[in-house]
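For reference, the structure is listed below as C-alpha cells.
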Amino acid sequence: MFAVVPCPTEREQVKKPLPDDATKGAESARGETLAALGSGVVPRGAAARIALPGRYEDLGLIAGGSFGEVRRVRDTFLDRVVAMKLLHAEHAGAAHLRRRFLAEARITAQLQHPGIIALYDRGELEDGRLWFTMREVRGRTLREAIDELRAASGPGGFGATAAGWTFRRLVDAFARIAQAIAHAHGRGVVHRDIKPDNLMVGELGEVLVMDWGLARRIDVDEPAEPGDDSALDLRSPALTRQGDILGTPAYMPPEQARGDTSLHGPASDVYALGAVLYCLLTGRPPYLGSSAAEVLAAILSGPPAPAMAAARGGPPVPEELCALCDRAMRPAIADRTPSAEALAAGVLGWLDGVRRREQALAALDRARSFDAEIASLRAQAAEAEARARALRSALRPFDPVASKRPAWAQEDEAARLGRAAALAEARWLEAVHGALSLDPELAEAHALLADHHRARLAEAELAHDDEEAARAEEMLRIHDRGRHAAFLRGDGALTLVTDPPGAEVVLERFVLQDRRLVPVPERALGPTPLVEVPLGRGSYLLRLRAPGRAEVRYPVLIERDGHWDGRAPGEEEPYPIALPAEGELGPHDVVVPAGWCWTGGDAATPDSLPRRRIWIAGFVIRRFPVTTAEYIDFLNDLVIRGREAEAVAACPKVHEGVSAVADEPALHRDASGLFCLPPDREGLRWRLDWPVVLIDWHAATAHARWLAERTGQPWRLPGELEREKATRGVDGRLFPWGDHADPTFACVADTSPSEAAREGVEGHPFDESPYGVRGLAGNARDWCLDVWKHDGPRVEAGRLRLDAAAPDDPDLRVIKGGAWTGALSQGRAPARFGGRPGIRRSVVGVRVARGAPLRR
C-alpha cells in the first residue's frame, strides 16, 4: 500500500482500460491496491476516525486492504498533511506481520532517492498498531497513464493524453524508475513486486516506486512467514504471496514464479522492469490468464512473445527499446541485462537519441524553410534570363551599347538572383549538416543530402566534369541509405526499334584510350526490336545492319538509372530508326539518326549555348567538307551551262590582307575559260583535296543548291545544331573524339612544327565523330544554314526547328568548326562563330547536309 491520491478529473479521462486481466481486479495479500482509493468504501478493519498520537490529526481514510490502511493526517507540529500507514487492529499482535511492517518502514527509510517516497516518522498506537508517516503524493499510477496513452493512440502512432503524457515522457518515467531500483540494489535491497500499479507518476512530474512491502535485503536471510494462506487463492489473476511465491504473476520472473526465494535478487527486479517496459510498449502485460495459476504456468513454460511482435497492430514502437525489453526478460538470469542501472542507461541512451533526433528535425525544418526561397529565386532568375533572351534575339552584334543595355540589365538581374539562390542553397546545406551534427544518423537529413548530391552528380557527368562528378558520387555514397542504389550502380536500359525490323545490332562501348574515346566491340544484342535491354552506364555506339540496307551508326548514352527509349517529345512509342536501302546513300553520305542529344553547355567556348537535351530529326551529312576539286567541278558546270556570271560570283576570292585587290579570284581560268588551281604563292596555296575556302555564305548556298539539282537530293547547308550533333554524337563530348584536347588529333595551328596549312580532307583520321564525319575540329570551318542568334536556333517542345536564313537577310550567319590557323580550343563542338553572309575567310568553307525522309 502506498500514499497516493488520484486526481479525480484525470481519472475521468481514462477512455480504454489496459487489458491487464492478470494483475487487476483483486486486492493483494496486504490489502494494498488502488481499487479502494477514493472509492468511499471503508475496508474491513478500517475505522472512520481513529485516535492518533497528539501530534497528528486524522483527516480520513485514503485507502485500505486486508491487513492495513492508509489515512490522510495533519502533522500539527509542522503544519503539513502527510499520509499514515497502519496495521489493522486485528493484526496488531501478528508477529510476522509486525516484522514485515517494520522491515518495510526501515528499508524505505534507508532508500534516500527522488524516486522512492520519503518516510517521516514511525510509532505504535496504544492498541499495539504499528504506523509510519510518509509524503502524500497526488497523481496516477503508471498503469493508468499507459491506459490513457493507449486510448489517445492508434496504429498510425502514439498520441498525447489530455494531461500531456506522451510515449517519450512515459519512457523517460520508466528510465527514472529503473534508476530508483538501481539505487535500491546499490543499498542491498530488492523490491520483488514491481508492476505498473506500484509505480507512480505525480502531478508535478515526479516518478516514484511505491509499496516496498515485499522488499528484502539481499544479504539477510528471511525467516519463513506463517500466515493465513487460506485467504490466498491461485484462481485469482493477482497474487502477492502464496507460500514461497511472492509478487504479481504477470510481472514476475521464472525463479520467482517457481518460489525459489534463494534466487530472488537484483536480476528478479530487472526482469520485472522489463515486464513493465513490455506493458508500456505493447499495452498489455507479458502474460495473460484467467487465474494466477494459469499465468504462473505460462511463465514457467517459456518466454513471452517478443515485444516487437506483441506490439503489432498498435502504434509503431522503437526496435531498440524492444530489444532492451526482451533482453531484460530472458528466462536465464545470466542472460538478462546485467543490472537495473544498465537497463536505465540503455533506455536513457535511446531517449538521448530521441532528444537529439527531435533537435535535429527542428534544424532540418529550418533547412526546409529555405526551399521556397531557393525555388523562388531560381524561378525569378529563369524569368529574368528569358526576358534577356527575348531582348537579345532582336539585337545584332554591331548594335550600339544603348540598344543592348536593357538586355544587359536583365542579364545582370538574372545573375544577381542566381547568386542569391546559390547563397540560400549554401545556407540550406549548412542547416542540413547542422541537423546531422545533432543526430549523425538522421535519415531525413541523409535523404535530403543524397538527393542534392545525386542532382550534382548528374550535372557534373553531363558537363564532363570528372572531379566534381567524383566528389558528388562519393558524397552520394556517404549519404545514401539505399534509395539511390540503382543510380549509383549506373545500370540503365536500351529500347530500340528499326525500320525495317530484324536489324542486327552490334554493341560497341566508347572506351578512353590515349585520350580518345574509341568504340570497342562488346557483343551482339540480337535483332530488333530491343526492349529494355540492360546496359551499364556509359556511351555506346550501335552498328545497325540488315540485308539490302546500308549500315547505320547509332550512338546512345545510357545514363545512371536511365532508359534510352528513343521516344520523340510527346510520343508514346519509340521512333523507328530507318536503315537506308543500298544505293540510297552516296559513298561519303553519313546518316545521323533522329534522336536526343546534348548540345551547348561549354562555358570555355565562345558564345556557347546553354546545355540542353533536344530532339533533332534525322539527316544526312557529307563525311568530308567540299574539296577544291568538287568546288571547281561546280564552277565549271555553271560555265559550261552558260551561267558564267553565277560561277564568277561564287568563285573563291582573296580577302584583304592577302592581296591588295579585295575581290581578286583565288582560282585561275584556263584558255577555255574553265576554273583551275592557281600556282602557289606566298600566303596562299591550293590543293585539289583540300577543303575549299574563301567563299561567302551565298556561294556556299549556291553550291548546295547546285548539288541538289544535280543529284535530285535536297542538299543544303547544315543547321547549326545539326552540325553540332554530327560532331558530338549524343553524349555531349567536347570534340569529335572525346573531351581531351591534343593538337595532333586535328589540323590546327600547332599541329606540326612547320608552317600551318590546310591539308587534304582525309588527313587527321582522329578528327572523326561517332557517326564517322571527318574534319570537324580543324582544317576548315563550315557555313551553316542559320542566322546567328544569341540564343541559338528555335527549339519548340524539345524539338529543333530549322529556320533557313533568307538570302537577302543581312544578319550574321553561323559558322562552326575548328580551323588550320587557330588553336584547337576554337574547335570545341559548342563553339559558335558568326560572319556576315558576304565575307570570305581563308578558314571558312562548306559542307552539305540534307533531311532524311529515307525510304522504309
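The values are calculated or read from the model by the stated rules, or taken from the named source; none is laboratory data. Keep in mind that what you see is a predicted model, and the values were worked out from it rather than measured. Every residue, glycine as well, gets a Cβ built from its backbone with ideal geometry; the counts of neighbours run over all protein chains shown.
Descriptive notes on the structure:
- The range 469-518, subset touching a Ser or Thr at 6+ places or on another chain (Cβ under 7 Å) and not hydrophobic (A, V, I, L, M, F, W, C), residue nearest to LEU541 (Cα to Cα): THR498
- Hey, LEU86 among the aliphatic types (A, V, I, L, M) and assigned to a helix (DSSP H, G or I) or not: no
- Subset of the range 66-81 [surrounded by 24 or more Cβ atoms within 10 Å (Cβ to Cβ) and of a type in the set (Asp, Glu)]: GLU69
- Criterion: among the small types (Gly, Ala, Ser) and farther than 20 Å from PHE619 by Cα - qualifying residue of ALA726, ALA704, ALA741: ALA741
- Any hit, the range 93-107, residues being part of a strand (DSSP E or B), basic (Lys, Arg) and either crowded, with 16+ Cβ neighbours inside 10 Å or within 60 Å of the chain's Cα centre (by Cα) (or both): no
- Test: residue in the range 474-482 that is farther than 30 Å from VAL432 by Cα and β-branched (Val, Ile, Thr): no
- The range 747-758, subset surrounded by 20 or more Cβ atoms within 10 Å (Cβ to Cβ) and in contact with a Ser or Thr (Cβ under 9 Å, 6 or more places away or on another chain), residue farthest from PRO625 (Cα to Cα): THR751
- Residue match in the range 484-496 (condition: farther than 16 Å from GLY562 by Cβ and surrounded by 15 or more Cβ atoms within 10 Å (Cβ to Cβ)): no
- Filter pass, GLU571 being free of Cβ contacts under 8 Å to residues at least 60 places away in the same chain, farther than 21 Å from ALA486 by Cβ and under 34 Å from the mean Cα position of the chain (by Cα): yes
- Among the strands (runs of 3 or more DSSP E) confined to the range 552-616, the ones with at least 1 residues that are closer than 29 Å to ARG392 by Cα are located at 595-599, 612-616.
- Picking from residues in the range 55-65 that are surrounded by 15 or more Cβ atoms within 10 Å (Cβ to Cβ) and among the small types (Gly, Ala, Ser), the one that is nearest to ARG138 (Cα to Cα) is ALA63.
- Checking each residue in the range 765-779 for being in a loop (DSSP other than H, G, I, E, B) and under 19 Å from VAL844 (Cα atoms) picks out ASP767, VAL773, GLY775, LEU776, ALA777, GLY778, ASN779.
- Residue match in the range 27-43 (condition: over 30 Å from LEU149 (Cα atoms), surrounded by fewer than 21 Cβ atoms within 10 Å (Cβ to Cβ), hydrophobic (A, V, I, L, M, F, W, C) and modelled with pLDDT of 90 or more): no
- Of the set (1) more than 22 Å from GLY186 (Cα to Cα); (2) of a type in the set (A, V, I, L, M); (3) under 36 Å from the mean Cα position of the chain (by Cα), all apply to LEU296 but (3).
- Just one of the listed residues (ASP782, ASP808) is more than 15 Å from THR599 (Cα to Cα) and in a strand (DSSP E or B), and it is ASP782.
For (1) surrounded by fewer than 18 Cβ atoms within 10 Å (Cβ to Cβ); (2) touching a Ser or Thr at 6+ places or on another chain (Cβ under 6 Å); (3) not β-branched (Val, Ile, Thr), each residue gets a yes or a no:
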{"position": "HIS113", "(1), (2), (3)": "no, no, yes"}
{"position": "TYR120", "(1), (2), (3)": "yes, yes, yes"}
{"position": "ARG187", "(1), (2), (3)": "yes, no, yes"}
{"position": "LEU214", "(1), (2), (3)": "no, no, yes"}
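Residue-by-condition table, conditions (1) surrounded by fewer than 20 Cβ atoms within 10 Å (Cβ to Cβ); (2) more than 20 Å from VAL347 (Cβ to Cβ); (3) at pLDDT 95 or above; (4) in the same structural domain as PRO114 (by TED's automatic domain parsing):
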residue: GLY139; (1), (2), (3), (4): no, yes, no, yes
residue: GLY156; (1), (2), (3), (4): yes, yes, no, yes
residue: ALA162; (1), (2), (3), (4): yes, yes, no, yes
residue: PHE174; (1), (2), (3), (4): no, no, yes, yes
residue: ARG192; (1), (2), (3), (4): no, yes, no, yes
residue: ASN198; (1), (2), (3), (4): no, no, no, yes
residue: VAL201; (1), (2), (3), (4): no, no, no, yes
residue: GLU206; (1), (2), (3), (4): yes, no, no, yes
residue: ASP211; (1), (2), (3), (4): no, yes, no, yes
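- Residues of the range 716-743 that turn out to be at pLDDT 95 or above, surrounded by fewer than 23 Cβ atoms within 10 Å (Cβ to Cβ) and either assigned to a helix (DSSP H, G or I) or among the aromatic types (Phe, Trp, Tyr) (or both), as a count: 0
- Residue check for PRO718: under 28 Å from HIS464 (Cβ atoms) and not hydrophobic (A, V, I, L, M, F, W, C): yes
- Test: GLY618 is over 23 Å from VAL844 (Cβ atoms) and modelled with pLDDT of 95 or more: yes
- Filtered residue count, the range 522-550, keeping only those that are outside any strand (DSSP E or B) and free of Cβ contacts under 8 Å to residues at least 24 places away in the same chain: 1
- Pair list, Cβ < 7 Å and 6+ apart or interchain, from the range 486-506 residues that are without any contact (Cβ under 8 Å) to a residue 40 or more places away in the chain to residues that are in a strand (DSSP E or B) and among the acidic types (Asp, Glu): none
- Condition met for ARG368 (over 30 Å from PRO810 (Cβ atoms) and basic (Lys, Arg)): yes
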